[in-house]
Structures are given as structure tokens and as C-alpha cells.
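Worksheet: one structure, shown below.
The values are calculated or read from the model by the stated rules, or taken from the named source; none is laboratory data. What you are looking at is a predicted structure, and each value in this text was computed from that prediction instead of being measured. Ideal geometry is used to build each Cβ from the backbone, glycine not excepted, and the neighbour counts take in all protein chains shown. For the accessible areas, the whole protein counts, side chains as well, though only heavy atoms, and no ligand, DNA or RNA atoms are used. Shrake-Rupley method; radii C 1.70, N 1.55, O 1.52, S 1.80 Å.
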Amino acid sequence: MPDISSLDALCNDLDVSVNELLSGEVLPPEFYEKKAEENMKTLIKENEKNTKGNWIQMILGEVLVIVAFVFLAICIGIRMLGNYFDLPSLLYLVLISAGVVLLSRPAGKREVFAALQKAVIPAGALASVISLIQIFLYVEDMEVIFTNFAVALLPIAYGIFVYLLLLPITRHLKKETE
């Protein structure tokens, strides 16, 4: 099936109607309306089938993400899960990413999510570098350095996590606009 945006030009070049192109045959006037209805029903069925498949895929994806987090919590222990949350790191990531998105002046929600997806990993890396510089400048005890080093890497992990969350959203928004 050709791209929908090129259908009219293709039909003009072939000197056929869209209905005839979809039918794969030149239609006499008496069969034109009946064939148009058949083509419309076929397209509606295909669309319903694709939509149903997308929902199943989304639900399965969400279940897998939840299972992965439960598995992570079990592996590292529920008590240790708190070590993976650092409010200043989250604020760095949010503020830098939001600033980049606003500076990019997105035109619509698709552009906002695309800009955010492009910004989160570099923003996380920048936040980590800033944290590491602070650690190496002001901390002298090696044990404290290693603990803070682990916390300084959290913005990169957050950036990767947000990037992965945005993948299906940006893909869905891209499909909507096509």
C-alpha cells in the first residue's frame, strides 16, 4: 500500500480513482458504489485489528516494566531501594531538561516530548558531572567520596529511565501526526 500522502498523485498518474486503486481494478460505474463500501469495510476492519494489537502490546509492555521493578526491588532489597532516590538529582534533571525544552520552543506536544526525550540523558550527564565536581572539590574522606560518587551517578540513571519511558510516547505521537 503506498503512503497515504501520495495516493492522490498516484491516482492522477494512473488515471484511476482511489477506490479503483484500492480495488486493484478499473470499475464500471454500476459496481463503483458497492466496491467503495467493501473497501471502506476492509479498511475499518484492518484499523480495528491494528488498534486492538496496539492495546495488547501497551498492556504487555506496562506489565513487563512493573515486573522489572518488582524484580529490582527483590534483588536489592526493599530497604535498599531508598538509596536510588535523590531529590537534588531529580531536581537537576527536571530543571535542566525543562530549560532545554523551553529553549527549543516546541510547536506542539509531539515536539515537546521529542525535545524532552533528546534532553534527558545529556541533562542527567550534566547533573552528574556537576555533582562529581562538587564531591571532588569539597570532600576529603575517601569513604564519603565513594558514597557520594554513587549518588552522583543517579541523574544519569534517571535520564536513561525517563528516556525509555518517553520512547513509546514519542512513537505514538509520531504515528498520530502521520
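In the stretch 67-84, what residues are within 23 Å of Leu116 (Cβ to Cβ) and without any contact (Cβ under 8 Å) to a residue 60 or more places away in the chain? Full working, then the answer.
Going residue by residue through the stretch 67-84, those that are within 23 Å of Leu116 (Cβ to Cβ) are 68-69, 84.
Matches in the stretch 67-84: Ala68, Phe69.
Put simply, of Asp8, Asp13 the only residue that is open to solvent by 60 Å² or more (accessible area, probe 1.4 Å), out of contact with any Lys or Arg (no Cβ under 9 Å at 6 or more places or on another chain) and modelled with pLDDT of 75 or more is Asp13.
Regarding the stretch 124-143, can at least one residue be identified that is surrounded by 12 or more Cβ atoms within 10 Å (Cβ to Cβ), within 18 Å of the chain's Cα centre (by Cα) and more than 30 Å from Ile56 (Cα to Cα)? Show your work before the answer.
Residues of the stretch 124-143 that are surrounded by 12 or more Cβ atoms within 10 Å (Cβ to Cβ), as a first pass: 124-132, 134-136, 139.
Applying the additional criterion that residues be within 18 Å of the chain's Cα centre (by Cα) yields 124.
With the extra rule that they be more than 30 Å from Ile56 (Cα to Cα), the set shrinks to 124.
Within the stretch 124-143, one or more residues are surrounded by 12 or more Cβ atoms within 10 Å (Cβ to Cβ), within 18 Å of the chain's Cα centre (by Cα) and more than 30 Å from Ile56 (Cα to Cα).
Could you please find all residues in the stretch 82-136 being among the basic types (Lys, Arg) and part of a helix (DSSP H, G or I)? Before the answer, list the steps.
Here is the first cut: in the stretch 82-136, the ones among the basic types (Lys, Arg) are 105, 109-110, 118.
Selection gives Lys109, Arg110, Lys118.
Residues that are surrounded by fewer than 14 Cβ atoms within 10 Å (Cβ to Cβ) and not charged (D, E, K, R) within the stretch 106-121 comprise Ala107, Gly108, listed in sequence order.
For Ile96, state whether it is of a type in the set (A, V, I, L, M) and modelled with pLDDT under 80.
Details: of a type in the set (A, V, I, L, M): yes; modelled with pLDDT under 80: no.
No: the conditions fail for Ile96.
Check the stretch 56-63 and report whether any residue there is on the phi < 0 side of the Ramachandran plot, among the small types (Gly, Ala, Ser), surrounded by 10 or more Cβ atoms within 10 Å (Cβ to Cβ) and modelled with pLDDT under 75. No, the stretch 56-63 contains no residue that is on the phi < 0 side of the Ramachandran plot, among the small types (Gly, Ala, Ser), surrounded by 10 or more Cβ atoms within 10 Å (Cβ to Cβ) and modelled with pLDDT under 75.
Among all positions in the stretch 151-169, there is at least one residue which is of a type in the set (Ser, Thr, Tyr), buried (at least 17 other Cβ atoms within 10 Å of the Cβ) and in contact (Cβ under 8 Å) with a residue 60 or more places away in the chain. Figure legend. Inter-residue proximity from the stretch 115-140: first residues at positive phi, second residues open to solvent by 30 Å² or more (accessible area, probe 1.4 Å), beta-carbon distance below 8 Å, spacing 6+ or different chains. No pairs are indicated.
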